[in-house]
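Trainee: Below is one structure. I have some questions about it.
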Amino acid sequence: MKIPSLKLRSNYSIPSLGLGTWELLGKECEEVVKLALKIGYRHIDTAEMYKNEKEIGKAIKIFPRSELFITSKVLGSNLKYNDVIKACKSSLELFHLSQIFSVSK
């Protein structure tokens with residue numbers, strides 16, 4: 001399945017359909033994300049509060065990073081500058097990524 005992308009003003013593109021991972025936990029989360037990627041999804045949406053970033057990290061590791069668009073959100077209680085940085089670094093470690101937000105052309 002080829003999911004169309006939307007061109008952003010920055011000239012990057014984001015897949016028009018993404019997999020939301022709210023309420024997906026543990027092995028089920030990992031397997032659902034793997035299946036979604038296998039059938040063509042390339043945009044994975046998660047959040048710090050979902051507590052599933054580690055499982056998503058496991059699921060995405062076999063896919064080329066340049067093909068993925070990963071989005072995540074920090075907790076409302078982590079909106080101070082230093083807290084945002086800390087939360088993002090934690091998410092990056094769990095994802096095994098060097099950047100959370102990625103775009104592909």
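Trainee: Take the residues of the stretch 60-69 that are at pLDDT below 95 and part of a helix (DSSP H, G or I): which is nearest to Ile14 (Cα to Cα)?
Mentor: By that ranking, first place goes to Glu67.
Trainee: Just the residues that are under 16 Å from Thr46 (Cα atoms) and β-branched (Val, Ile, Thr), please, taken from the stretch 1-31.
Mentor: Ile14, Thr21
A quick yes/no check of all residues on (1) in a helix (DSSP H, G or I); (2) more than 18 Å from His96 (Cβ to Cβ):
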| site | (1), (2) |
| --- | --- |
| Leu6 | no, yes |
| Ser10 | no, yes |
| Ile14 | no, yes |
| Cys29 | yes, no |
| Gly40 | no, yes |
| Ile44 | no, no |
| Glu55 | yes, no |
| Lys58 | yes, no |
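Trainee: Mind listing just one residue for me: the one in the stretch 70-98 that is hydroxyl-bearing (Ser, Thr, Tyr), in a helix (DSSP H, G or I) and without any contact (Cβ under 8 Å) to a residue 12 or more places away in the chain and, of those, surrounded by the fewest Cβ atoms within 10 Å (Cβ to Cβ)?
Mentor: That would be Tyr81.
The values are calculated or read from the model by the stated rules, or taken from the named source; none is laboratory data. Here the structure is a predicted model, which is why all the values come from computation and not from measurement. Note: ideal-geometry Cβ built from the backbone for every residue, glycine included; neighbour counts use all protein chains shown.
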